[in-house]
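The values are calculated or read from the model by the stated rules, or taken from the named source; none is laboratory data. This one's a predicted model, so the numbers in the text were calculated from it and none came from an experiment. For neighbour counting, all protein chains shown are included, and Cβ atoms are generated from backbone atoms with ideal geometry for every residue, glycine included. Accessible surface areas use protein heavy atoms only, side chains included; no ligands, DNA or RNA. Shrake-Rupley method; radii C 1.70, N 1.55, O 1.52, S 1.80 Å.
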Amino acid sequence: MNRRIFHHITAVLLLALSTIPAIAGSRGEKSVGLRAGFTTRNTTASAGLYFSYRFTEHFRFAPKVDYAFRHHNTDSFSFNFDAEIPISLSPGGRVSFYPIGGLNYSTFSTHTQTINDDISDDSSERSNHFGLNIGAGLEYFATPTLRLAFESKCLLMKQNTGGWFTIAIGYRF
């Protein structure tokens, strides 16, 4: 009889535990948000969007798009296809460190302005490049759904290598 009561209590506890939301780092976790930062490529501010999908506890895919504002007559769009490896630094996974590695496609616009006989001509030349991303990030989950992050990475690209430093705020679901 005692064994039967034990099995019922165990079944009720397992059922109750299965209704609790999964802890940080669970498979299928998604995150979406805004990014802002600085790029050393043309020493200017940047802004962008990100999305991430966690395939396993220690691997997630994180595509990002960033715009580097015009400075020194150059601006750019950067499309990043990054892999991140989150490593929890605290109990419950509230703080994590993650190395970043990935591919990049960037399009740069160089603007020139000429003035001839009081006529202004503004033209731009576009160049496209592929590159590699290498870096690291630190994330903090202020609440179960609010993600704050800081990333530092180097974009390795022929003639356009530069550093990107960004902060992010996002929603985890």
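Here's the yes/no breakdown for (1) in a loop (DSSP other than H, G, I, E, B); (2) closer than 18 Å to THR44 by Cβ; (3) open to solvent by less than 90 Å² (accessible area, probe 1.4 Å):
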{"site": "PRO99", "(1), (2), (3)": "no, no, yes"}
{"site": "GLY102", "(1), (2), (3)": "no, no, yes"}
{"site": "THR107", "(1), (2), (3)": "no, yes, yes"}
{"site": "ARG126", "(1), (2), (3)": "no, yes, no"}
{"site": "ILE134", "(1), (2), (3)": "no, no, no"}
{"site": "THR143", "(1), (2), (3)": "yes, no, yes"}
{"site": "GLN159", "(1), (2), (3)": "yes, yes, no"}
{"site": "THR166", "(1), (2), (3)": "no, yes, yes"}
{"site": "TYR171", "(1), (2), (3)": "no, no, no"}
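Please state which one of ARG60, ARG94, ARG70 is of a type in the set (Lys, Arg), without any contact (Cβ under 8 Å) to a residue 60 or more places away in the chain and closer than 19 Å to GLU151 by Cα. Reasoning before the result, please.
Numbers: ARG94 fails: without any contact (Cβ under 8 Å) to a residue 60 or more places away in the chain; ARG70 fails: closer than 19 Å to GLU151 by Cα.
When all the criteria are applied, what remains is ARG60.
Show the residue pairs meeting these rules: Cβ distance below 6 Å; 6+ apart or different chains; first residue within the stretch 159-173 and under 13 Å from VAL32 (Cα atoms); second residue modelled with pLDDT of 90 or more and charged (D, E, K, R).
ALA168/ARG35; GLY170/ARG147; ARG172/ARG147; PHE173/LYS30
Go through the stretch 55-92 and give me each residue that's under 13 Å from GLU139 (Cβ atoms) and either among the hydrophobic types (A, V, I, L, M, F, W, C) or open to solvent by less than 10 Å² (accessible area, probe 1.4 Å) (or both).
ARG60, ALA62, GLU84, ILE85, PRO86, ILE87, LEU89
Quick check: is even one residue across the stretch 149-156 over 16 Å from PRO86 (Cα atoms), of a type in the set (A, V, I, L, M, F, W, C), out of contact with any helix residue (DSSP H, G or I) (no Cβ under 9 Å at 6 or more places or on another chain) and surrounded by 14 or more Cβ atoms within 10 Å (Cβ to Cβ)? Before you say what the answer is, go through the steps one by one.
Of the stretch 149-156, the ones over 16 Å from PRO86 (Cα atoms) are 154-156.
Going one step further and asking which of them are of a type in the set (A, V, I, L, M, F, W, C), we end up with 154-156.
Within this subset, residues satisfying the condition of being out of contact with any helix residue (DSSP H, G or I) (no Cβ under 9 Å at 6 or more places or on another chain) are 154-156.
Still in the running and surrounded by 14 or more Cβ atoms within 10 Å (Cβ to Cβ): 154-155.
Among the residues of the stretch 149-156, at least one is over 16 Å from PRO86 (Cα atoms), of a type in the set (A, V, I, L, M, F, W, C), out of contact with any helix residue (DSSP H, G or I) (no Cβ under 9 Å at 6 or more places or on another chain) and surrounded by 14 or more Cβ atoms within 10 Å (Cβ to Cβ), which makes the answer yes.
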